[in-house]
Amino acid sequence: MKILQMENAKVQLAYASQHMEKIGSNQSKLLDKLYELESRIQPRKQYGFIHGEMGPDHVLVNDKLEPFLIDIKGLLKLIHRGFPDQPFAKGLAEYQSERALRFIEK
C-alpha cells in the first residue's frame, strides 16, 4: 500500500509543478521530503473510517505532529474547471502550497 501512496503523491506533485511556479521550482526538494516521510511510515495497528476522498494522501503532519489538510491537485482542478469563485480557489491553492513548502524550509 505504501508504494501506491507514494506513486500517487509523485503524480500529484508533477501535476502541481506544471501549474504552480513555487512548487515546480522546489519539486526535487519536495520529492526528497516525500521519500523521507515515506520511510517513517509504519503499519497501522488500528483503523478508522475516513469519509469520501479524505484519505492519508490529503494530510501532512509536521514535526510537532500538527496535521494539515492538503489537496493541491484537487484545488487546481477547481481552478481549471471554472469554479465560480476563482479568487477564493486560487487563494486556497496558494495557502495549501505554502503549507507544503514549509516541510522543506530550513
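Every read-out reported here was derived from the displayed coordinates using simple, explicitly stated rules and does not represent laboratory data. These numbers come from a predicted model, not from an experiment. Glycine gets a Cβ as well: all are built from the backbone with ideal geometry, and neighbour counts include every protein chain shown.
Quick look at the values:
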read-out: 5 angstrom amide H check on Val59, placed H, neighbours 5+ away; value: Ile70
read-out: Peptides 58-65, 98-105 ordered by average Cβ neighbours within 10 Å, highest first; value: 98-105, 58-65
read-out: Whole-Hz ³J(HN,Hα) from phi, Karplus 6.51 cos²θ - 1.76 cosθ + 1.60, for region 88-105, glycine and proline x; value: 5, 4, 5, x, 5, 5, 5, 4, 5, 5, 4, 4, 5, 5, 4, 5, 10, 6
read-out: Note, ³J(HN,Hα) from phi for region 15-30, Karplus 6.51, -1.76, 1.60, rounded to Hz, x at Gly and Pro; value: 5, 4, 4, 6, 10, 10, 4, 5, 5, x, 6, 10, 4, 5, 5, 5
read-out: Packing-based order for 27-36, 82-91, 8-17, using average beta carbon neighbours within 10 Å, highest first; value: 8-17, 27-36, 82-91
